[in-house]
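**Student:** Before anything else, here's the structure in question.
The numbers here are math on the coordinates, done by the rules we state, and not lab data. Because the structure is a prediction, the values reported are computed rather than measured. A quick note on method: Cβ atoms are made from the backbone with ideal geometry, for glycine too, and the neighbour counts reach across all protein chains shown.
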């Protein structure tokens, strides 16, 4: 699917300002959408909206399908009459440039418990009908997820393969017993997913009604400690006790000299194929329902993937294995129809990856920060772009552009200054201009670069296990964005969709 010439902003909802320690789907999200409309942008790209696990990473989730309930807005719960203004006030936290995860989780858990109880107490026939429809439509993943999370809380979020063997291996008697034991908790988790879905779909509608397309993110791999692996162990490289046998990662690349050992269990593609890739089809269908387009993370892994034995300590001693490739995407195309997908094709891109990407006309990604470490043939230099691609100054895995420039080798700085015909003092906007004026169909920039922020505002350091995913902006930082300059560049580069 080809996307129209357009532009947008990359920012995750946790980064929004607000009163509750973490950004959410409330008013500030709508203020951001209004900003996109006001500046003639038509794309909002974000990270996965799934529940975060270890290190608060949206790429290490308890489910590939569920929503992160900490994005639920207390203010919307107040409007619905599920909590009182005074109860919401007690949950308030300072709004700075860091997400206060632990404090926000504690306070929001209390609010969600209150709201859930009141939802069930005041359930109308109409609401009950909608709730039942939601549970029915999402039954394939939701029933397993609510029981998994109820058990996970009981076992202090320890990996499911360390639970008592009967429930870890989903013995029917244990499943029945645990469902009975955690009835109230399960009811609450069902409601939280329902509320997440309703708040998110209302927000997405607000975006769409204002001409904004939402680009979601689908990580290729799922976390081992997830309902997906617990409920479907036959689809993953785990043994009969649930221990990982083969795990995912990448060899040494731009980001790390020892590669990245992600630790996610590899897929058992043979079993998945025999089953008609049904789990993957369901996953893409779910994403296409909740987003307008999807960035597919680590697209290379579908052509071939880096497989590492579970006992290895780094990703160096792995091997490339052929992935499902066209078989998978032909099936998804057949079941889903049009595929509005962006392929994250960074790192070493092989001929096979290009062939797979181009067969379905998926646009690839071009990162301007990667453009200056070699000569004029560098594929990340805008003069070498194909039209069917998405250009970024950087992504959530990169430093901010100012942070990159300040730490770049002098040779790269010189190349960047020469290419932009500037002294580098306004490098964020120089790179934004490069992206806007390029032939790339889409130009998407992290909000930090529109704000000309330094490296201390970076979202993620690949390979660093903690201290990531914390960035938030303040209302003052947002007010200082040069909207006139964005509008000027959108018009100048013909990226305005009327």
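**Student:** Using only the alpha-carbon atoms of the range 61-218, report the extent along each of the three principal axes, biggest first, to the nearest angstrom.
**Tutor:** 48, 36, 35
**Student:** Given a cut-off of under 8 Å on Cα pairs at least six residues apart, what relative contact order in percent is computed for the chain? Write out the running numbers ahead of the final one.
**Tutor:** On the way: 886 pairs, mean separation 98.0, N = 498.
This gives 20 percent for the chain.
**Student:** Hey, what did the range 416-457 get for relative contact order, percent, Cα under 8 Å, at least 6 apart?
**Tutor:** On the way: 21 pairs, mean separation 14.2, N = 42.
Relative CO of the range 416-457 lands at 34 percent.
**Student:** Now, a different point. From Cα pairs below 8 angstrom and at least 6 apart in sequence, can you work out the relative contact order of the range 229-384, rounded to a whole percent?
**Tutor:** Working: 226 pairs, mean separation 31.7, N = 156.
Relative contact order here is 20 percent.
**Student:** If you don't mind, there's one more thing I want to ask. Rounded, prolate or oblate for the range 275-335? Axes are the square roots of the Cα gyration tensor eigenvalues, ordered a ≥ b ≥ c, and the cut-off for rounded is a/c under 1.5. Display every interim value, and only then the final one.
**Tutor:** Details: a/c = 2.55, a/b = 1.97, b/c = 1.30.
The shape class here is prolate.
**Student:** If you take the alpha carbon radius of gyration of the range 142-257 and divide it by 2.2 N^0.38 Å, what ratio comes out, to two decimals?
**Tutor:** Values: Rg = 18.1 Å, N = 116, 2.2 N^0.38 = 13.4 Å.
It is 1.35.
**Student:** Applying a 10 Å radius around every beta-carbon, put 477-485, 322-330 in order of their mean neighbour count, most first.
**Tutor:** So the peptides 477-485, 322-330, ranked by packing, come out 322-330, 477-485.
**Student:** What translational diffusion coefficient, in µm²/s and rounded to a whole number, does the Stokes-Einstein relation yield for the range 205-257 at 10 °C and a viscosity of 1.306 mPa s, taking the hydrodynamic radius as the Kirkwood radius over Cα pairs? Present the calculation step by step, with values, prior to reporting the outcome.
**Tutor:** Details: Rh = 14.5 Å.
The calculation lands on 109 µm²/s.
**Student:** Okay, next question. Evaluate E = 1/(1 + (r/R0)^6) for residue 421 and residue 128, where r is the Cβ-Cβ distance and R0 equals 45 Å; express this FRET efficiency to the nearest 0.05.
**Tutor:** Working: r = 64 Å, r/R0 = 1.42.
The value I calculate is 0.10.
**Student:** Moving on to the next point. Figure the gain on full extension for residue 273 and residue 175 (residue separation times 0.36 nm, minus the Cα-Cα span) and round it to one decimal in nm.
**Tutor:** Values: separation 98, 0.36 × 98 = 35.28 nm, distance 2.78 nm.
Result: 32.5 nm gained on full extension.
**Student:** Right, here's the next one. Rounded, prolate or oblate: pick one for the chain, where a ≥ b ≥ c are the square roots of the eigenvalues of its C-alpha gyration tensor, a/c under 1.5 means rounded, and failing that, prolate if a/b is larger than b/c, else oblate.
**Tutor:** Numbers: a/c = 1.73, a/b = 1.25, b/c = 1.38.
It is oblate, given that a/c is not under 1.5 and a/b is not larger than b/c.
**Student:** What FRET efficiency comes out for residue 355 versus residue 54 if R0 is 41 angstrom and r is the Cβ-Cβ distance? Round to the nearest 0.05. Show your work: numbers first, answer last.
**Tutor:** Working: r = 35 Å, r/R0 = 0.85.
For residue 355 and residue 54, the calculated efficiency is 0.70.
**Student:** Between residue 153 and residue 109, 0.36 nm times their residue separation minus their Cα-Cα distance comes to what?
**Tutor:** Working: separation 44, 0.36 × 44 = 15.84 nm, distance 1.24 nm.
Taking 0.36 nm per residue and subtracting the Cα distance, the gain is 14.6 nm.
**Student:** Based on DSSP H runs of at least 4 residues, each adding -39500 (n - 2.57), what is the mean residue ellipticity at 222 nm of the chain after dividing by all its residues, to the nearest 500 deg cm²/dmol? Write down the numbers at each step before the final one.
**Tutor:** On the way: 21 runs with 212 residues, N = 498.
My calculation for the chain gives -12500 deg cm²/dmol from helical runs alone.
**Student:** Sticking with this structure for a sec: Decide, for the range 352-457, between rounded, prolate and oblate: order the square roots of the alpha carbon gyration tensor eigenvalues as a ≥ b ≥ c, take rounded if a/c falls under 1.5, and otherwise choose prolate if a/b is larger than b/c, else oblate. Numbers along the way, then the final one.
**Tutor:** On the way: a/c = 1.92, a/b = 1.55, b/c = 1.24.
Prolate, because a/c is 1.5 or more and a/b exceeds b/c.
**Student:** What Rg and what Dmax come out for the range 415-477 when only alpha-carbon atoms are used, in angstroms?
**Tutor:** Final numbers for Rg and Dmax: 14.1, 38 Å.
**Student:** Calculate the FRET efficiency for residue 491 and residue 240 from the Cβ-Cβ distance with a Förster distance of 51 Å, rounded to the nearest 0.05.
**Tutor:** Working: r = 61 Å, r/R0 = 1.20.
Calculated transfer efficiency: 0.25.
**Student:** Go through 289-299, 93-103 and give me the packing order, highest mean Cβ count within 10 Å leading.
**Tutor:** Details: 289-299: 20.0, 93-103: 15.2.
Highest to lowest by the protection proxy: 289-299, 93-103.
**Student:** Write down the percent of antiparallel bridges among all DSSP beta bridges whose residues are both part of the chain, to the nearest 5. Kindly include the intermediate steps, with their values, before the conclusion.
**Tutor:** On the way: 16 of 40 bridges.
Bridges in the chain are about 40 percent antiparallel.
**Student:** For the range 1-100, what value does the Rg/Rh ratio take when both radii are computed over Cα atoms and Rh is the Kirkwood radius, given to two decimals?
**Tutor:** Values: Rg = 15.3 Å, Rh = 15.1 Å.
Result for the range 1-100 is an Rg/Rh of 1.01.
**Student:** May I ask you to order 62-70, 455-463, 399-407 by the average number of other C-beta atoms within 10 Å around their residues, highest value first?
**Tutor:** Numbers: 62-70: 23.3, 455-463: 17.9, 399-407: 21.4.
Highest mean packing first, the order is 62-70, 399-407, 455-463.
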